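For reference, the structure discussed in these notes is given below.
The values are calculated or read from the model by the stated rules, or taken from the named source; none is laboratory data. Small disclaimer: the values here were computed from a predicted structure and weren't measured. Every residue, glycine among them, receives a Cβ derived from its backbone with ideal geometry; neighbour counts consider all protein chains shown.
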Amino acid sequence: MSFWSRASLSQRVLYGLSCVGLVAPWRFNLRYFLQGGSVMPSVFWPDALANPLTTAITVDVYLAALAFSVWILQERRLRRPWLYVWMCFGLGLAFALPLYLARREARAG
């Protein structure tokens with residue numbers, strides 16, 4: 001039996017959202033880096049906080065990522081919870097969160 005035939009509909013949706021959550025934001029991230037952007041704090045933070053809208057989005061996403069990280073480290077339902085924390089801050093919350101939820105559901109099922 002293949003992986004997809006064993007996965008529930010919600011798992012398939014979550015894996016799909018995880019893929020979209022990796023590809024869609026990284027299209028913009030790569031554009032940012034190709035236009036001279038940097039992960040260096042002296043460059044990244046002024047860009048991320050450039051106006052009230054980007055500040056609101058940045059603060060919202062980082063607070064949600066922090067809450068997600070605290071939750072998975074406290075819950076410890078999956079092995080290597082630090083891997084999901086790294087993915088959350090290194091690749092994106094929109095990728096790590098649905099991936100974690102899909103893996104969590106797969107383990108519970």
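Brief remarks on what is shown
- The single residue among Phe28, Phe3 that is of a type in the set (A, V, I, L, M, F, W, C), at pLDDT below 95 and out of contact with any helix residue (DSSP H, G or I) (no Cβ under 6 Å at 6 or more places or on another chain) turns out to be Phe3.
- Where Gly92 falls short, out of the listed (1) more than 10 Å from the chain's Cα centre (by Cα); (2) at positive phi: (1)
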